[in-house]
Amino acid sequence: MSQLLDCIKKKKTNIKPIWLMRQAGRYLPEFRQIRKKNPNFIKLCLDKKLSSEITLQPLKRFDLDAAIIFSDILMVPYGLNQAVSFKKNFGPLLGPINLEKISKINKINFSNKLSPIYKSIQKVKNNSLTNNKEIIGFVGAPWTLLVYMINKFSPKKKLIKHFFKDKFLIKKILIILEKFLKIHIQQQISHGATVIQIFDSWAGLLEEKDLPEYVYIPTLNLVNYVKSLNVPVICFPREIKNYKNYCEIVKPNVISIDYNVDPKLIVKQIKIPVQGGLDPKILLSDKNNLRKKTLKYLNIFKHHPYVFNLGHGVLPETNPMMVDYLVKLVKDY
Ligand code: CP3
């Protein structure tokens, strides 16, 4: 069994596996080189040869415990025929929603449209670089995808003014998302993903009273589905105020924490394996500081099953040497 599974299934505390959100990305010169020649991000995600190559890039450099497939949470709205594009220095931009068009999509044409992602997973699985390592498939949580689908771009600090105006539309989209996210999860697993992470990047935008309807219940349905396929599931409800409540209700196998929460409180409150926490900005400072902050997390979670990761994705300005240093620190702990 891999170190990552030893940690999350057997709850071993003597090993601290590591992988990083956005470990394949713009901080790597070899990624930027491919990206420069491929200006269309969606097309790049749907190129099984290049996306599998990008997925493996960080594994060639660093002793990581998992590969996370190079794709994007917005490939699901794309698969549902909503226009999705990525504008330089702006981020994602989505087109209008046409419920009639979405309702016509079935499992087969959705899976066909996204099939290069699944084939890419297969290629990653068959590469010896992933021997004894896990392959992490992922989806956006229904709430976070709803945010992009209705808001049309990254909300930054708050949602557009009339976000909740059309309750019928919201209900409909959540039902459709549940169905197709399950299909997307199932396809990733049947092509080789061995762990699933659910990214709820915008969970922190909601008030406490709205969490059950938009976060807890829709995510719980997906968590139960992944568990029914005998695959562990990691949840990342970024900037949520009460991680303890979340864990008690949604019951993921692993909870991934952001960098605003106090790890000392988490280790006291939460019984399940924990992942992440370190502020990605620390990788922009110096080795001494990185060492100090990394050891802080490792020491706090010394007697707890803990997967080392960041509190959000690796930043594009990160020096790969710092990532190398971090991985070695964790491996030598
Ligand atoms: O972690 C990984 O390395 C796997 C690949 C991955 C990407 N996006 C590649 C990507 C994963 C897991 C994601 C998830 C994702 N995508 C999330 C959830 C995690 C989070 O960051 O909160 C979200 C919210 C998105 C939506 C998204 N995709 C945004 C907001 C942006 C633009 C802003 C940005 O950081 O670039 C993207 C584009 C994107 N997704 C890039 C990459 C490597 C950058 C594309 C480029 O090269 O320009």
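The values are calculated or read from the model by the stated rules, or taken from the named source; none is laboratory data. Note that the structure is a prediction, hence the values are computed from the model and not measured. Note that each Cβ is placed from the backbone with ideal geometry, even for glycine, and that neighbours are counted across all protein chains shown. Heavy atoms of the whole protein, side chains included, go into the accessibility calculation; ligands, DNA and RNA do not. Shrake-Rupley method; radii C 1.70, N 1.55, O 1.52, S 1.80 Å.
Every residue, every condition in (1) surrounded by 20 or more Cβ atoms within 10 Å (Cβ to Cβ); (2) in contact with a strand residue (DSSP E or B) (Cβ under 9 Å, 6 or more places away or on another chain); (3) within 19 Å of residue 175 (Cα to Cα), yes or no:
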| position | (1), (2), (3) |
| --- | --- |
| 204 | no, no, no |
| 218 | yes, no, yes |
| 234 | yes, yes, no |
| 240 | yes, no, no |
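Considering 184, 191, 162, which residue is open to solvent by 40 Å² or more (accessible area, probe 1.4 Å), of a type outside the set (Val, Ile, Thr) and within 24 Å of residue 115 (Cα to Cα)?
After applying the criteria, what remains is 191.
State all residues of segment 255-271 that are out of contact with any helix residue (DSSP H, G or I) (no Cβ under 9 Å at 6 or more places or on another chain) and surrounded by fewer than 22 Cβ atoms within 10 Å (Cβ to Cβ); if no residue qualifies, say none.
262, 268
For segment 112-154, enumerate the residues that are open to solvent by 10 Å² or more (accessible area, probe 1.4 Å) and within 22 Å of residue 180 (Cβ to Cβ).
Selection gives 112, 113, 115, 116, 119, 122, 138, 148, 150, 152, 153, 154.
State whether the residues of segment 120-138 include one that is over 27 Å from residue 213 (Cβ atoms), among the small types (Gly, Ala, Ser) and within 12 Å of the ligand (Cβ to nearest atom).
yes
Just for segment 169-181: of the residues that are in contact with a Leu (Cβ under 9 Å, 6 or more places away or on another chain) and either under 15 Å from residue 140 (Cβ atoms) or of a type in the set (Ser, Thr, Tyr) (or both), which one is most open to solvent (accessible area, probe 1.4 Å)?
Restricting to residues being in contact with a Leu (Cβ under 9 Å, 6 or more places away or on another chain) and either under 15 Å from residue 140 (Cβ atoms) or of a type in the set (Ser, Thr, Tyr) (or both), the top hit is 178.
Looking at segment 40-60, I want the residues that are over 26 Å from residue 325 (Cα atoms) and in a helix (DSSP H, G or I) and have a partner that is of a type in the set (Gly, Ala, Ser) and open to solvent by less than 10 Å² (accessible area, probe 1.4 Å) with Cβ atoms under 6 Å, at least 6 apart or on another chain. Which pairs are those?
Taking only residues 6 or more apart or on different chains, the pairs are 45/51; 48/120.
Can you confirm whether residue 47 is closer than 26 Å to residue 190 by Cα, among the charged types (D, E, K, R), open to solvent by less than 40 Å² (accessible area, probe 1.4 Å) and within 14 Å of the ligand (Cβ to nearest atom)?
So residue 47 fails the test.
Does residue 108 meet the test of being surrounded by fewer than 20 Cβ atoms within 10 Å (Cβ to Cβ), among the hydrophobic types (A, V, I, L, M, F, W, C), modelled with pLDDT of 95 or more and within 23 Å of residue 211 (Cβ to Cβ)?
no
Could you list all residues from segment 61-95 that are among the polar types (S, T, N, Q) and part of a strand (DSSP E or B)?
Of everything in segment 61-95, just one residue is among the polar types (S, T, N, Q) and part of a strand (DSSP E or B), namely 85.
For segment 272-289, enumerate the residues that are loosely packed, with under 14 Cβ neighbours inside 10 Å and out of contact with any helix residue (DSSP H, G or I) (no Cβ under 6 Å at 6 or more places or on another chain).
Of everything in segment 272-289, those that are loosely packed, with under 14 Cβ neighbours inside 10 Å and out of contact with any helix residue (DSSP H, G or I) (no Cβ under 6 Å at 6 or more places or on another chain) turn out to be 285, 286, 288, 289.
Inside segment 53-105, can you point out the residues that are closer than 30 Å to residue 17 by Cβ, open to solvent by 20 Å² or more (accessible area, probe 1.4 Å) and among the aliphatic types (A, V, I, L, M)?
Scanning segment 53-105 gives a single hit, 73.
When the residues of segment 4-44 are narrowed to those that are of a type in the set (S, T, N, Q) and in contact with a helix residue (DSSP H, G or I) (Cβ under 6 Å, 6 or more places away or on another chain), which ends up least open to solvent (accessible area, probe 1.4 Å)?
23
Restrict the check to segment 60-73 and report whether at least one residue is more than 20 Å from the chain's Cα centre (by Cα), among the aliphatic types (A, V, I, L, M) and either near the ligand (Cβ under 10 Å from one of its atoms) or within 19 Å of residue 188 (Cα to Cα) (or both).
The answer is no; no qualifying residue exists.
Within segment 32-39, does at least one residue satisfy the condition of being assigned to a loop (DSSP other than H, G, I, E, B), within 16 Å of the ligand (Cβ to nearest atom) and at negative phi?
There is at least one residue in segment 32-39 that is assigned to a loop (DSSP other than H, G, I, E, B), within 16 Å of the ligand (Cβ to nearest atom) and at negative phi.
Pull up segment 7-31, narrow it to residues that are among the aliphatic types (A, V, I, L, M) and within 20 Å of the chain's Cα centre (by Cα), then point me to the one that is farthest from the ligand (Cβ to nearest atom).
8
Which of the residues spanning segment 104-151 are among the basic types (Lys, Arg), in contact (Cβ under 8 Å) with a residue 12 or more places away in the chain and not in a helix (DSSP H, G or I)?
The answer is 133, and nothing else.
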